[in-house]
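The values are calculated or read from the model by the stated rules, or taken from the named source; none is laboratory data. Predicted model, so just to flag it, every value in this text is computed and none were measured. Virtual Cβ from ideal backbone geometry, glycine too; neighbours counted across all protein chains shown. Side chains are part of the model used for accessible areas, which takes the heavy atoms of the whole protein and leaves out ligands, DNA and RNA. Shrake-Rupley method; radii C 1.70, N 1.55, O 1.52, S 1.80 Å.
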Amino acid sequence: MKLPIYAVTAATVPRRDAPILLIIHWHGFARETPLRRDELPLPPRSVAGSALQVEVPAGDIESVERALLDAAWQLGAWDLERVVKRPWWRLGAPASEALAGHRAFGDYPDANDGDPGVVMEAPDRDELMRAAARRGYVRWLFRPRKSGLWQRFQDEDSTLDMSGGRAPPCPVLPYPLETGRAGRAVYRLGRVDRLII
């Protein structure tokens, strides 16, 4: 894409046979049309994200989380966030939970008409969303510095190499995951070894 990465998200339903929906969110804008007219300014639109369905061979969520920790570590992310959400098809669930659930799986019902939001290569996405609506879901998020938008910022991090990444393996181990119970865990990957005043 030759664009910096803004964030990487992954979402799945907490069951052994569920695939993972991996989304790369790009930072950049493009014109809606190649036509150019001086008297008619056309606003640029944000570049759509790229989504891919990843099949996990009879694995569990802990192995997925370990792989995401390794990716976040090697790409220089400051942290990795894991959010466990309850199902949104339940009595009394606020509309904001349903919207967050749709967005976690690359569906943006509140987007402008004609704006795809995400270019999808995920044949089971709709089935995954229905399962998440009934059972809940897990969503991970990290913002890479290497090849990312965040490389431009000079945040202090003693663990990064000159390219903005880190050498494997990731020393951080996954926390236990309690499925069926909403919660949030943040893995701190970066650190500062000197005193900042």
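Worth a mention:
- Restricting the first member to the range 134-157 and to residues that are within 19 Å of Val8 (Cα to Cα) and in a helix (DSSP H, G or I), and the second to residues that are among the aromatic types (Phe, Trp, Tyr) and modelled with pLDDT of 80 or more, the beta-carbon pairs closer than 8 Å and six or more apart or on different chains are Leu149/Tyr6; Trp150/Trp78.
- Taken as a whole, the condition of being more than 26 Å from Ala185 (Cβ to Cβ), in contact (Cβ under 8 Å) with a residue 24 or more places away in the chain and surrounded by fewer than 18 Cβ atoms within 10 Å (Cβ to Cβ) does not apply to Glu127.
- Criterion: in contact with a strand residue (DSSP E or B) (Cβ under 6 Å, 6 or more places away or on another chain), of a type outside the set (Ser, Thr, Tyr) and open to solvent by 60 Å² or more (accessible area, probe 1.4 Å) - qualifying residue of Glu156, Glu121: Glu121
- Hey, Gly148 out of contact with any helix residue (DSSP H, G or I) (no Cβ under 6 Å at 6 or more places or on another chain), closer than 17 Å to Asp70 by Cα and modelled with pLDDT under 90 or not: yes
- Filter result for Glu65 (among the acidic types (Asp, Glu) and surrounded by fewer than 18 Cβ atoms within 10 Å (Cβ to Cβ)): no
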